[in-house]
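Down below is the structure, laid out as structure tokens.
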Amino acid sequence: MIDQRQRTIKKVTFVGIVVNILLAAAQIVSGWLAHSQALVADGLHTLADLMSDFVVLVTAHHAAKEADEDHPYGHARLETLSSIFLGVALIAVAVGMGYRGIESMASAQAYETHSYALIFAALAIVSKEFLYQYTIRNARKIKSTLLESNALHHRSDVFSSIVVVIGVGAQVAGIANMDALAAIIVSIMISLMGIHLVKKAFSELIDTSLDQQLVEQIRQHIENTDGVIAVHRLRSRSMGGMGYIDTEIRVNPHLSVSEAHFISLYIENTIKSKFSEIIDVTVHIDPVAESDHDDILKLPTRSELLFSLYSAWEGVQGSEQVRNIHLHYLTDAIEIDVILPLQNASNPDSDLAQQLHSKAANIPFVGQINIYYAP
């Protein structure tokens with residue numbers, strides 16, 4: 001899945017690079033020939049967009065690296081940091097456009113612009129809107145905040161090109177200051193886009209929860225899983241546009257470790273297949289209610305309890321026949337399963353079983369004692 005995301009990001013970004021190179025050349029040459037300073041400036045702005053495209057490529061390459069010893073959760077945060085960079089770049093472009101608009105209104109300069117400059121200005125709008133639609137569609141498909149950031153950058157370029165069309169049109173029609181006023185208005189809109197990107201990226205950096213509707217759907221999916229008694233905790237966060245889930249579920253305390261492990265694997269795989277935006281799921285198995293955790297921690301460890309058991313059975317003849325001991329930690333007591341050889345099953349009320357039971361019952365924190373027989 002990560003490889004597919006990287007291939008998509010690279011493909012979309014390369015398309016953006018090719019379109020921007022061709023468009024920038026057309027804008028600068030036509031702007032110079034038509035004496036349109038606005039069109040030349042927009043062409044230089046398009047060239048500046050190439051920098052953000054290369055940032056996306058470099059980031060996508062490093063963000064897709066596998067987790068390592070120094071980065072156990074992978075490198076997806078690089079995508080978030082690059083989104084902040086692109087958001088700040090949008091704000092910087094908006095401030096520059098606004099400043100130039102105010103400066104132009106303060107001291108308008110009259111110059112003759114050829115009307116065919118409008119054709120190339122309109123071409124820029126069409127080209128950049130195509131890049132926006134193409135990029136945002138793929139960004140939503142693979143849940144990439146980095147591509148989404150670049151898509152919004154393309155959309156901001158559409159607005160700047162609209163400013164050029166208005167400016168060139170006003171210049172051709174002889175209407176003063178309309179291009180400057182439009183530039184100021186669009187600069188405000190671009191600033192809001194940049195702020196939105198930065199805010200969204202910062203929410204990822206501080207591990208803000210995923211969309212609550214999505215989280216609730218995941219909770220219901222887990223609760224409906226066979227073997228799950230309750231969901232004690234469900235935490236979520238986003239990294240590079242992908243979701244991470246950490247959940248604690250309650251199961252029957254008498255389940256085997258292997259069955260409980262199967263339930264956790266089943267939950268992990270079904271969540272990933274059902275919810276494409278989720279890339280990692282951690283499931284913690286809990287045999288008791290969350291409110292009982294403090295009581296469980298007061299119980300002895302396995303080694304401590306086994307020491308007490310074998311010490312109590314030291315004088316019991318035949319105690320060495322015990323095959324295995326299973327422990328079930330149940331709130332304030334430990335239920336014990338004692339496994340004896342199958343040949344002893346012919347006399348379940350034998351002296352050995354009775355002595356093992358009576359000796360163990362006197363040990364603190366020991367609850368029910370079950371005697372089983374196995375080959």
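For this structure, a couple of remarks:
- From Phe307, Phe262, residue being farther than 25 Å from His357 by Cα and either of a type outside the set (S, T, N, Q) or assigned by TED's automatic domain parsing to the domain that holds Lys143 (or both): Phe262
- Residue check for Glu204: surrounded by 15 or more Cβ atoms within 10 Å (Cβ to Cβ) and over 17 Å from Lys143 (Cα atoms): no
- For the stretch 238-254, taking the residues that are outside any strand (DSSP E or B) and at pLDDT 90 or above, the one that is farthest from Glu216 (Cα to Cα) is identified as Asn252.
- For Ile162: the one exception among (1) crowded, with 17+ Cβ neighbours inside 10 Å; (2) in the same structural domain as Leu265 (by TED's automatic domain parsing); (3) free of Cβ contacts under 8 Å to residues at least 40 places away in the same chain; (4) in a helix (DSSP H, G or I): (2)
- Extreme residue, nearest to Ile162 (Cα to Cα), among residues of the stretch 1-53 that are modelled with pLDDT under 75, under 29 Å from the mean Cα position of the chain (by Cα) and crowded, with 19+ Cβ neighbours inside 10 Å: Asp49
- For the stretch 246-262, the tally of residues that are surrounded by 20 or more Cβ atoms within 10 Å (Cβ to Cβ) and either out of contact with any Leu (no Cβ under 7 Å at 6 or more places or on another chain) or touching a residue at least 60 places away in the same chain (Cβ under 8 Å) (or both) stands at 1.
- Boolean, Val283 is β-branched (Val, Ile, Thr) and closer than 24 Å to Leu342 by Cα: no
- Residue match in the stretch 263-278 (condition: surrounded by fewer than 19 Cβ atoms within 10 Å (Cβ to Cβ), under 23 Å from Leu81 (Cα atoms) and at pLDDT below 90): yes
- Scanning the stretch 185-237 for residues that are charged (D, E, K, R), at negative phi and at pLDDT below 90 gives Lys199, Lys200, Glu204, Asp211, Arg233, Arg237.
- Selection count where residues are part of a helix (DSSP H, G or I) and either under 29 Å from the mean Cα position of the chain (by Cα) or modelled with pLDDT of 85 or more (or both), scope the stretch 283-293: 1
- Every residue from the stretch 213-237 that is in contact with a Phe, Trp or Tyr (Cβ under 7 Å, 6 or more places away or on another chain) and in a strand (DSSP E or B): Ser236, Arg237
The values are calculated or read from the model by the stated rules, or taken from the named source; none is laboratory data. What you see is a predicted model; the values in this text were computed from it and never measured. In this analysis, Cβ positions are derived from the backbone assuming ideal geometry, glycine residues included, and neighbour counts consider all displayed protein chains.
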